[in-house]
Amino acid sequence: MRYYVVSDVHGFYDELISSLSDSGYFKDKEEHKLVVCGDLFDRGKKAWDVQTFILNLLHSDDVILIRGNHEDLAKDLLDDWDKESYQSYHHQANGTVDTFLQLTESSPFGLAFNPKSIKRRVLNTPFIKDIIPAMLDYYETDNYVFVHGWIPCYLQKGEYRYRDDWREADENAWKEARWINGIDAAHFGVIEKGKTIVCGHWHTSYGHAVYEGKGKEFADDADFSPYKSEGIIAIDACTAFSKKVNCIVIDD
């Protein structure tokens, strides 16, 4: 099977389509699937287009969706909605509220005037009803493991330690793992023997800058290309800054 793998699209539809086009995704006549390693929304302004694109692929069984920390943020916001969480800086700054407004074609004024109505409309969006329920904690093939942040592991005295039973980890452990800097975790030796873990979440310029000495994390010389090292391929291009989405092609 051929997999086209992206991550952290964050509502940047045009950049996603451009990356897939450059990778040959739309012209590929062989059997293939798109893998999205989490964080579909919460930065760009084309959440509706991203939702429609992903929903169509979901209905045709042509996509594998991995849950990201921003999908968790969406659920957290809805769970705490009655506590007026939609007004909090946390959900405003992370872009979750803006995504909900985009997907329901609502305005900040409408949210302030009738928040209960907005919540009902959010709950009926394909994002909440269809897309999030289809998301996996991880997807595994013969040679690869696809996750968002990293696989569940232990953090002891500031160091990551491998967890043998990560595949059986509970919901809370996976929720924590979606926030892990996988680049650091891999360099601490938390890798899966005989496989490569493909992740998003943390900007690849961090790996290039910190572990390869190539450029700064956020500067003109920042390198947002996929970061590769033993046991890891990281692909989050920090699209809001770099204006591009990384797409890697894997045959496995």
Query - Residue ID - surrounded by the most Cβ atoms within 10 Å (Cβ to Cβ), chosen from residues in the stretch 189-214 that are outside any strand (DSSP E or B) and among the β-branched types (Val, Ile, Thr) - result: Thr204
Query raised in the report: Is there a residue being assigned by TED's automatic domain parsing to the domain that holds Gly231, more than 16 Å from Asp72 (Cβ to Cβ), among the aliphatic types (A, V, I, L, M) and crowded, with 23+ Cβ neighbours inside 10 Å anywhere in the stretch 166-185?
Result: yes
Query raised in the report: Hey, among the residues in the stretch 48-96 that are touching a strand residue (DSSP E or B) at 6+ places or on another chain (Cβ under 6 Å) and among the β-branched types (Val, Ile, Thr), which one's nearest to Trp150 (Cα to Cα)?
Result: Ile66
**Report entry** Qualifying residue in the stretch 88-101 (condition: buried (at least 20 other Cβ atoms within 10 Å of the Cβ), touching a Lys or Arg at 6+ places or on another chain (Cβ under 6 Å), touching a residue at least 40 places away in the same chain (Cβ under 8 Å) and under 30 Å from Asp142 (Cα atoms))
**Finding:** no
Report task. Sort out which residues of the stretch 79-88 are part of a helix (DSSP H, G or I) and among the charged types (D, E, K, R), and write them in order of number. Result -> Asp79, Asp82, Lys83
**Report entry** Index of the failed condition, Arg43 passing every other in (1) free of Cβ contacts under 8 Å to residues at least 60 places away in the same chain; (2) on the phi < 0 side of the Ramachandran plot
**Finding:** (1)
Requested in this report: Quick one: in the stretch 89-135, of everything that is among the small types (Gly, Ala, Ser) and in a helix (DSSP H, G or I), which residue is nearest to Leu77 (Cα to Cα)?
Outcome: Ala93
Report summary line: For the stretch 14-57 the number of residues that are assigned to a helix (DSSP H, G or I), under 26 Å from Ile232 (Cα atoms) and under 17 Å from the mean Cα position of the chain (by Cα) is 6
**Report entry** Answer residue from the stretch 215-238, given it is under 19 Å from Cys37 (Cα atoms) and free of Cβ contacts under 8 Å to residues at least 24 places away in the same chain and is surrounded by the most Cβ atoms within 10 Å (Cβ to Cβ) among those
**Finding:** Phe224
Requested in this report: Would you check if there is a residue in the stretch 144-163 being aromatic (Phe, Trp, Tyr), in contact with a His (Cβ under 9 Å, 6 or more places away or on another chain), closer than 18 Å to Lys193 by Cβ and not in a strand (DSSP E or B)?
Outcome: yes
Query - Of residues in the stretch 62-82 being farther than 30 Å from Glu30 by Cα and of a type in the set (A, V, I, L, M), the one surrounded by the fewest Cβ atoms within 10 Å (Cβ to Cβ) - result: Leu78
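The values are calculated or read from the model by the stated rules, or taken from the named source; none is laboratory data. Since the model is a prediction, treat every value here as computed from it, not as a measurement. Reconstructed Cβ throughout: ideal geometry from the backbone, glycine too, with neighbour counts over all protein chains shown.
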